[in-house]
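Here the structure is laid out as structure tokens; the discussion comes afterwards.
Every read-out reported here was derived from the displayed coordinates using simple, explicitly stated rules and does not represent laboratory data. Here the structure is a predicted model, which means the values were calculated and not measured. Here the Cβ positions follow ideal geometry from the backbone for every residue, glycine too, while neighbour counts run over all protein chains shown.
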Amino acid sequence: MTFELLPYTYNRWIANDPNGQTSPQTWSDNLRHGWGWDNDHFPVNQLAHPYSGNLYFNSARANGYDFWSSSPFALAGSVLWEYFGEAQRPSINDLINTTFGGITLGETLFRLSNLILDRHTTGVTRVVREIGAAIVNPPLALTRLMDGDIGRVEPNPVNRVPSRLASEFNLGYQRVSQGSAESPLTTPNQLFLFYSLDYGDPLRGDVTHPFGAFRLDATAATSTTGVISELHALGYLSTHEFSHLEDHHQQVQLALNYDYLNNQAILTGGQGLSGIFITRHPVARSVSLRTEVSAIGYVIDGVKSDFSPTTADSSTARNYDYGMGGGGRIVARMERHGDVLLEAGYQNTWIGVLSGAARDIRYDVLSARLEVPIVGELALGGSALLYHRTSRYATHETVHARDAITQVFAAVLF
């Protein structure tokens with residue numbers, strides 16, 4: 001309830017948001033009129049709502065509930081907010097984004113906050129760790145405060161640290177180039193900061209419970225439409241091993257995935273479920289080849305629209321369309337001690353539009369990344385991403401958009 005009332009208080013009495021001016025009449029209208037699609041900006045729907053769901057999820061997770069029993073709290077928190085937290089009609093897209101995105105981000109941030117918080121430490125180190133964990137996971141900090149656990153020396157949770165843990169920071173320059181998409185690209189040259197965390201290794205048996213292994217990527221860039229320009233999370237739920245002979249592995253994994261990409265050229269983001277066939281084979285001393293073949297189903301996916309709200313379908317005033325669909329992804333990596341030296345990937349996705357201007361959308365993503373170790377934990381690298389989208393419209397010509405992101409960077413690996 002704390003994390004429902006905080007944004008409600010801000011919207012209603014501080015920001016004076018019209019949608020925050022609720023009453024018994026708006027509650028009655030919401031309950032009678034049912035669910036629709038809203039017109040909120042892309043970062044609100046695809047980033048803020050999943051983050052809110054993470055707060056509901058972690059309110060349970062921080063109080064001793066496991067992954068599965070915490071998941072309904074994301075759904076319940078979203079339903080409560082949609083009916084009673086806003087004056088506008090309840091949104092189908094908000095319900096899905098808050099629930100599925102909240103679960104995926106929630107468990108990811110729960111495990112990250114437990115990594116930061118070491119309950120054995122004391123003094124300044126303990127204070128810094130408590131603050132860091134509170135920033136990552138506010139519900140955990142609030143629960144620890146109410147329970148009197150802040151500063152208490154006690155055992156750390158079992159399985160707090162997985163068999164493998166690797167993170168990376170990149171600082172560099174990127175150029176976002178735009179092909180035939182309609183909206184202007186005003187600031188193609190950007191500085192960016194990238195962070196990635198590989199928590200656990202599905203090929204080492206870490207997936208004995210949901211998110212025993214996951215990957216988190218986040219990018220912040222200058223001159224973008226939001227502080228965060230990219231955010232990706234992939235958490236493994238369960239596994240079936242086909243082969244495990246020394247360094248040779250073959251597995252099928254079931255995973256939850258969350259994707260968010262928001263810059264002036266490319267706008268796409270959604271949540272879904274993936275089935276992944278993973279293999280790893282040694283190539284040379286300490287070097288191995290890892291491949292992943294994925295089938296991805298998107299419960300909801302938002303993709304950029306090429307037409308302004310005045311010319312788009314009257315059912316939406318967004319600059320993006322919503323739909324369901326799926327596709328496939330292939331990734332090959334050359335790894336040294338688990339760190340990526342070279343990576344290449346391709347993804348193809350089809351979305352049937354449920355709300356928006358387009359009838360259906362297909363997009364292809366081709367990516368490559370190279371990192372060259374320099375000394376110690378330092379490396380230099382570069383990456384390229386090519387994005388091709390085909391949007392078919394009932395009342396407009398088919399649009400082919402071709403965009404690209406190229407990067408050069410310095411990397412620090414931990």
Requested in this report: Quick one: order D360, D321, D66 by neighbouring beta-carbon count within 10 Å, fewest to most.
Outcome: D66, D360, D321
Query raised in the report: Can you give the calculated 222 nm mean residue ellipticity of the chain, where each DSSP H run of n ≥ 4 adds -39,500 (n - 2.57) and the sum is split over every residue, rounded to the nearest 500 deg cm²/dmol?
Result: -6500 deg cm²/dmol
Query raised in the report: In percent, how large is the relative contact order of the chain, given Cα pairs closer than 8 Å and 6 or more residues apart?
Result: 11
Requested in this report: Please sort by residue number the trypsin sites (Lys or Arg not before Pro) in the stretch 216-304 whose DSSP state is loop and whose Cβ has at most 11 other Cβ atoms within 10 Å.
Outcome: R285
Query raised in the report: Could you list log10 I(q)/I(0) for the stretch 94-158 at q = 0.19, 0.25 Å⁻¹, which the Debye formula gives when each Cα is one point scatterer?
Result: -0.71, -1.06
Query - Ranking of E377, E130 by count of other Cβ atoms within 10 Å, fewest first - result: E377, E130
Query - P(r) weight above 27 Å for the chain, C-alpha pairs, percent - result: 55
Query raised in the report: Taking N as the number of residues in the stretch 1-115, what is its alpha-carbon radius of gyration divided by 2.2 N^0.38 Å?
Result: 1.06
Query raised in the report: What spacing in nm lies between the two simple spin-label points modelled at F169 and W350, each 7 Å away from Cα in the Cβ direction?
Result: 4.4
Query raised in the report: So how do F57, F194 line up by other beta-carbon neighbours within 10 Å, fewest first?
Result: F194, F57
